[in-house]
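Some notes on the structure that comes next.
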Amino acid sequence: VSSVVESVGEHVEEFQEGDIVVPVFRPNCRECRDSKSQKGNGCSIFGGELVPAMPRDKTSRLKGMNGETLYHFLSVSSFSQYTVVDVVNVVKISPEFPIDKACLLSCGISTGIGAAWKVADIEEGSTVAIFGLGTVGLAVAEWARLRGSSKIIGVDLNQEKMEIGNTTIYLNYVDKTIKCFTENISKTDIKDVIESVLFYHGESKKSMIKEITDGGADYCFECIGLASLMEDAFNSSRVNWGKTVILGVEMHRTPLAINTSLLLRGRTVIGCLFGGLKPKSDIPFLAQIYLHKELNLDGFINHEVGFRDINKAFDSLLEGKSLRCIMRDGLTNEQNGNLIKI
């Protein structure tokens, strides 16, 4: 969500009316031990659980047309023209940033970039395999590109992602003809695609990734939320130092099963929420490198609709035909975003 501060409450000093801000579900108080530590992005005061209310008193500030209580989804409730958010869930960004695109930094893209940046710390020349080519997975790819990865491999079942990719984030990742591996492992030359895209079934994907990367990817990212795919990502990583980062929330609550003998040889697995980003400091940084034309955000936008067509936006997402859809709430061009009270 992209927002303009409409007003601030008593004792609020960090923000003032008219600030361009990005509400985020991950709280960042900057006072507790976890917030001050560089080892993670938790908050021991407000981050213990995701509650549908204001984080300090667990009450609501929102009412429906008939006076009924409305709840603060993920402490943000952004599908509205006005909302009320605690200071720990708001980040101020540069006033030069286009407000209609600030919502892209609120979640999704930030999660993928953060996982590649803060958690994996991808280095130049490394090989990367990404399981799941939605917004999060493609954001991982974007950061891997910025860091100079030698190979970026996308793994997805949805062959329509190829079409999405050719018009958005895959475009011109490499300046050479590269190969696309299909379900039957036939090889077809294509241009202007990430590095390799695998449309897979069965066991072939792991051996294919090891073949492409000469032994396994340095970094594997699971961006779907399936324990079986997490295991595939781990087994596709390189022996001795391969690192697997889990971003997906397991949709069936299935435990992750890993052969512990493989861990003893140096592979690691780590999970992260919101990509390990500290919202108050890291999101403004991402906004700045976008303004410097280093970070590609525009490529993630497939559609723009009004709030009346919100269900169409969800339908496109569920059908795998959209990465990010910007919904406008009917404000003027100078105010494209919702208004927020802190």
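The values are calculated or read from the model by the stated rules, or taken from the named source; none is laboratory data. Bear in mind that the values here come from a model prediction, so they are computed numbers and not experimental data. Note that each Cβ is placed from the backbone with ideal geometry, even for glycine, and that neighbours are counted across all protein chains shown. Surface accessibility is based on the protein's heavy atoms, side chains included, excluding ligands, DNA and RNA. Shrake-Rupley method; radii C 1.70, N 1.55, O 1.52, S 1.80 Å.
So here's what we get for this one:
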{"item": "Flag for Lys280 being crowded, with 18+ Cβ neighbours inside 10 Å and over 24 Å from Ala144 (Cβ atoms)", "result": "yes"}
{"item": "Selected residue (criterion: nearest to Ser110 (Cα to Cα)) from residues of segment 211-227 that are within 13 Å of the chain's Cα centre (by Cα) and open to solvent by 10 Å² or more (accessible area, probe 1.4 Å)", "result": "Cys223"}
{"item": "Selection count where residues are more than 19 Å from Glu49 (Cα to Cα) and touching a strand residue (DSSP E or B) at 6+ places or on another chain (Cβ under 6 Å), scope segment 85-95", "result": "4"}
{"item": "Residue in segment 130-137 that is assigned to a loop (DSSP other than H, G, I, E, B), out of contact with any strand residue (DSSP E or B) (no Cβ under 9 Å at 6 or more places or on another chain) and within 19 Å of Leu229 (Cβ to Cβ) present", "result": "yes"}
{"item": "Some residue of segment 119-135 being within 25 Å of Ser322 (Cβ to Cβ) and acidic (Asp, Glu)", "result": "no"}
{"item": "Flag if Pro52 is in contact with a His (Cβ under 8 Å, 6 or more places away or on another chain) and either modelled with pLDDT under 95 or at positive phi (or both)", "result": "yes"}
{"item": "Filtered residue count, segment 263-288, keeping only those that are outside any loop (DSSP other than H, G, I, E, B), hydrophobic (A, V, I, L, M, F, W, C) and touching a residue at least 60 places away in the same chain (Cβ under 8 Å)", "result": "5"}
{"item": "Search result, residues across segment 289-321 that are free of Cβ contacts under 8 Å to residues at least 60 places away in the same chain and of a type in the set (D, E, K, R)", "result": "Lys293, Glu304, Arg308, Asp309, Lys312, Asp315, Glu319"}
{"item": "Unmet criterion (only one of (1) in a loop (DSSP other than H, G, I, E, B); (2) surrounded by fewer than 21 Cβ atoms within 10 Å (Cβ to Cβ)) for Val5", "result": "(1)"}
{"item": "Candidate set: segment 22-64, residues that are of a type in the set (Lys, Arg) and either in contact (Cβ under 8 Å) with a residue 40 or more places away in the chain or in a loop (DSSP other than H, G, I, E, B) (or both); chosen: the one least open to solvent (accessible area, probe 1.4 Å)", "result": "Arg26"}
{"item": "Candidate set from segment 80-90 (those that are over 18 Å from the mean Cα position of the chain (by Cα) and of a type outside the set (S, T, N, Q)); member that is surrounded by the fewest Cβ atoms within 10 Å (Cβ to Cβ)", "result": "Tyr82"}
{"item": "Residue that is modelled with the highest pLDDT, among those in segment 141-160 that are in a helix (DSSP H, G or I) and open to solvent by 30 Å² or more (accessible area, probe 1.4 Å)", "result": "Leu146"}
{"item": "For Ser77: the one exception among (1) without any contact (Cβ under 8 Å) to a residue 60 or more places away in the chain; (2) surrounded by fewer than 20 Cβ atoms within 10 Å (Cβ to Cβ); (3) closer than 27 Å to Asn302 by Cβ", "result": "(2)"}
{"item": "Qualifying residue in segment 291-299 (condition: open to solvent by 70 Å² or more (accessible area, probe 1.4 Å) and basic (Lys, Arg))", "result": "yes"}
{"item": "Subset of segment 318-331 [touching a Ser or Thr at 6+ places or on another chain (Cβ under 9 Å) and either assigned to a loop (DSSP other than H, G, I, E, B) or open to solvent by 60 Å² or more (accessible area, probe 1.4 Å) (or both)]", "result": "Ser322, Leu323, Arg324, Asp329"}
{"item": "Lone qualifier among Leu295, Leu286 - being at pLDDT 95 or above and among the aliphatic types (A, V, I, L, M)", "result": "Leu286"}
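Table: residues versus (1) assigned by the TED database to the domain that holds Leu133; (2) not aliphatic (A, V, I, L, M).
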| site | (1), (2) |
| --- | --- |
| Ala227 | yes, no |
| Trp241 | yes, yes |
| Val245 | yes, no |
| Leu263 | yes, no |
| Val269 | yes, no |
| Ser281 | no, yes |
| Leu286 | no, no |
